[in-house]
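Just below is one structure, and these are the notes that go with it.
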Amino acid sequence: MAKIKRQFMAHYIDASLTSTATYTRLGKDLEEYNVEMNAEVNSTQNILGETSKTISSYEAQASVEPFYADQDDPMFPKLQKIIDDRLVLDDLKTTVLDVHLWEEDEETPGTFVAYREDALIEIASYGGDSTGYQISFNVHNIGGRVKGTFVAATKTFTQDA
């Protein structure tokens, strides 16, 4: 099996300010984007001196740094609203998609395997240097992960039955 190029693991985030999802792809101006899994690892030692380990959960999160503010980027108004209104709690909720662009539906070209999960946006900082206005933010996945399909042309996600 051939190695998968990084560009084929696509990450989308709902940039909408309404209840209708508007997914935009993360990656412009990013040299790197990693989802840190932050596993909860439990370690126990039995009376024989043997150690066993289990993983009981994950607290996935990712950092977007830098995000250069661009009035034409659909993510900009959402981030600026969080900053301007100092939003907290449920007002930070969104959804994220992991789209496997290497897993295209043979019967429906342009449709790919995808996973949607609820998330929170945390603004880490804003400002930046002379290269432009920058907003650094973290995406904290909070659960509700479901499998489905993503249609690239319409940027729509449909949950599997």
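For the range 28-57, GluC sites (Glu not before Pro) are listed when DSSP marks them as loop and at most 13 other Cβ atoms sit within 10 Å of their Cβ; the list is 31, 32, 50.
From its DSSP helices (H runs of at least four residues, each -39,500 (n - 2.57)), the chain gives a residue-normalised ellipticity at 222 nm of -2000 deg cm²/dmol.
The trypsin sites (Lys or Arg not before Pro) of the range 79-161 meeting both criteria, a DSSP state outside H, G, I, E and B (loop) and at most 14 other C-beta atoms within 10 angstrom of the site's C-beta, are 86. Restricting the range 72-161 to GluC sites (Glu not before Pro) that sit in a DSSP loop and have at most 12 other Cβ atoms within 10 Å of their own Cβ leaves 106, 107. Ignoring solvent entirely, what values of log10 I(q)/I(0) come out of the Debye formula for the range 6-159 at 0.09, 0.21 Å⁻¹ when each Cα is a single scatterer? The computed values of log10 I(q)/I(0) come out as -0.35, -1.41. Measuring between alpha carbons in the structure, the pairs from 93/155; 5/155; 53/155 lying more than 30 angstrom apart are 53/155. Under a 5 Å amide H cut-off, with hydrogens placed 1.01 Å from N, residue 128 pairs with 134 among residues at least 5 apart or on other chains.
A short reminder: the numbers here are calculations on the coordinates, not readings from a lab. Source: prediction; values computed, not measured. FYI the Cβ positions are ideal-geometry reconstructions off the backbone, even for glycines, and counts take in every protein chain you see.
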